[in-house]
Amino acid sequence: MEPKYHRVLLKLSGEALAGPKKTGLDTATMLPICKSIQKCVNAGVQMGIVVGGGNFWRGRSSENMDRTRADHIGMLATTMNALAVADMLESLGLEVRVQTAISMQQIAEPYIRNRAISHLKKGRVVIFGCGTGSPFFSTDTAATLRAVEIEADILLKATMVDGVYDKDPHKYDDAVRYSRLTFSDVLGSALQVMDSTAASMCRDNKMPMLVFDLNRPENIYDAVMGEDIGTVVSEVDPIATEV
């Protein structure tokens, strides 16, 4: 079976790597995620990955902490996650390169777009750390930026819910899941999918996004194969549809 997408950018949250511990790294949680990525690569899919850092650091530790410094600490957290995911993928036999937006030459390559694309074409997984390299930008924005830069077919946003809802499904039993949305819908309705900077960048650069549930790690493979999962967000369909 031929994959629907041949080059993707997968956004993984740091919290997803922590599993039931809620903090740090949980090997038992990470392994099936990495095996699903391995399955995608074996199917011929070029995989770029952006990881968050919320399992180690989230926001400022106090109101008095400088926001720029807090964001720099968060960038270091994403690098720890990138290295951990790289190590596990390599243990499964994959070739991996970690690139960081802040220079850390002793442990990772500096982010260079053309080099990243060259790695992808050679079948290597490329993991991008340090977000955009600048404070005040989320890792969702970093994922969107890297997806556009590497000319990915789609941005895959792995979350802890099975798509985009009109309200928090963990709080409201009558929450309705959408099967398709536009980024204009996301921005206009203030849906909690991603921050407005990331959504605007996707919209302006015509980068589609699929939001799906990572509680079932096999969904990563199903997503690249074009299975009907999650919520597709793009500017192609002018009217949001509900499931």
Review point. Using the alpha-carbon centroid of each, what span in Å lies between segment 39-76 and segment 191-225?
Key: 16
Review point. If the cut-off is 28 Å between C-alpha atoms, which lysines fall inside it for residue 122, apart from same-chain ones fewer than 8 positions away?
Key: 4, 11, 35, 39, 157, 206
Check your understanding: Rg to Rh for the chain: what is it, with Cα atoms only and Rh by Kirkwood?
Key -> 0.94
Practice item. Would you mind telling me which residue in 136, 183, 212 has the biggest mean-square fluctuation in a Gaussian network model of the chain, where springs connect alpha carbons within a distance under 10 angstrom? Key: 136
Check your understanding: Rounded to the nearest 20 Debye, what is the dipole magnitude of the chain about its Cα centre when Lys and Arg each give +1 and Asp and Glu each give -1 at the C-beta?
Key -> 760
Study note, to complete from the structure: Counting only DSSP beta bridges with both partners in segment 111-243, the antiparallel fraction in percent, to the nearest 5, comes to 45
Practice item. Kindly write out, for segment 211-220 in residue order, the coupling ³J(HN,Hα) from the Karplus curve 6.51 cos²θ - 1.76 cosθ + 1.60 (θ = phi - 60°), rounded to whole Hz, with x marking Gly and Pro. Key: 9, 9, 8, 8, 4, 10, x, 4, 4, 4
Study note, to complete from the structure: Listed residues 63, 218, 109; largest mean-square fluctuation, Gaussian network over the chain with Cα springs below 10 Å, found at 63
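Rule-based calculations on the coordinates, nothing more; no lab input. These figures come from a predicted structure and were not determined experimentally. Cβ sites come from the backbone with ideal geometry, for glycine too, and all protein chains shown count toward neighbours.
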